[in-house]
Amino acid sequence: TKEKEMIKTEETKVRKELGKFFTLTKDKVDDMKMPGGIIDEYWHEMLKDKEKYDEFCKEYAGHYVIHVESGGVDVLSWVKRYEDKYGELNKLWFTDKDGNLKKSEYDEYKKIGIVKMSWDCKPVIAL
């Protein structure tokens with residue numbers, strides 16, 4: 001159905017954004033914090049299938065990425081490195097797990113180029 005196709009397309013976009021985030025870990029970008037939302041939710045879902053998660057990690061990060069629970073509210077300093085490599089952040093970074101845009105955070109980003117959001121986990125490289 002058309003709805004299933006739309007969901008699959010959105011999932012592909014979310015996967016791609018998580019892949020970019022993992023690539024930044026490979027690039028040794030400091031202070032990687034995952035903002036809560038649809039991309040974080042996808043990461044949590046991926047962790048349930050160890051084999052697929054291992055493959056994903058190798059594809060984007062070159063090695064296994066450990067998911068570490070941690071949290072706070074902060075400016076996400078990695079965004080500048082993301083923009084240098086990929087351009088402007090995708091709206092998905094400002095989308096909650098239910099698919100709703102976090103308008104105030106997105107508007108602030110568009111206006112001043114800074115992302116300040118709550119985060120609840122971060123990647124750690126397994127060596």
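The values are calculated or read from the model by the stated rules, or taken from the named source; none is laboratory data. The structure presented is a predicted model; accordingly, all values stated were derived computationally and were not measured. FYI the Cβ positions are ideal-geometry reconstructions off the backbone, even for glycines, and counts take in every protein chain you see. Surface accessibility is based on the protein's heavy atoms, side chains included, excluding ligands, DNA and RNA. Shrake-Rupley method; radii C 1.70, N 1.55, O 1.52, S 1.80 Å.
On full extension of the chain, what length is gained from Glu45 through Glu10, given 0.36 nm per residue of separation minus the C-alpha to C-alpha distance? Don't skip to the end; give the middle numbers.
Values: separation 35, 0.36 × 35 = 12.60 nm, distance 1.48 nm.
Here the segment from Glu45 to Glu10 would lengthen by 11.1 nm.
Within the listed set Asp107, Asp84, Asp54, the residue fluctuating most in the Gaussian network model of the chain (springs between alpha-carbon atoms under 10 angstrom) is Asp84.
To the nearest 0.05, what FRET efficiency results for Asp30 and Asp98 with a Förster distance of 41 Å applied to their C-beta separation?
On the way: r = 31 Å, r/R0 = 0.75.
About 0.85, to the nearest 0.05.
Where only protein heavy atoms count, and the probe is 1.4 Å, what is the accessible area per residue for the chain in Å²?
Working: 7670 Å² over 127 residues.
So the chain comes to 60 Å² accessible per residue, rounded to a whole number.
Assuming a ≥ b ≥ c are the square roots of the Cα gyration tensor eigenvalues, decide whether the range 12-68 counts as rounded (a/c under 1.5), prolate (otherwise, with a/b larger than b/c) or oblate. Walk me through the numbers before you get to the answer.
Details: a/c = 1.44, a/b = 1.08, b/c = 1.34.
Because its axes are fairly even, with a/c under 1.5, the range 12-68 counts as rounded.
For the chain, modelled as a GNM whose springs connect Cα atoms under 10 angstrom apart, the maximal fluctuation among Leu92, Leu47, Leu18 occurs at Leu47. Summarising the amide proton neighbourhood of Cys121: residues at separation of 5 or more, or on other chains, whose placed amide H is nearer than 5 Å comprise Met34, Ser70.
Estimate the FRET efficiency between Glu55 and Glu108 by the formula 1/(1 + (r/R0)^6), using the beta-carbon distance for r and 30 Å for R0, to the nearest 0.05.
Details: r = 36 Å, r/R0 = 1.19.
According to the calculation, E is roughly 0.25.
Rounding to the nearest 20 debye, state how big the charge dipole of the chain is about its Cα centre with +1 on each Lys and Arg Cβ and -1 on each Asp and Glu Cβ. Mind showing how you got there, number by number?
Details: 25 positive and 27 negative charges, 61 e Å.
For the chain, the charge dipole is close to 300 debye.
When the helix-only estimate is applied to the chain (DSSP H runs of n ≥ 4, each -39,500 (n - 2.57), divided by the residue count), what is the mean residue ellipticity at 222 nm, nearest 500 deg cm²/dmol?
On the way: 5 runs with 63 residues, N = 127.
It lands at -15500 deg cm²/dmol.
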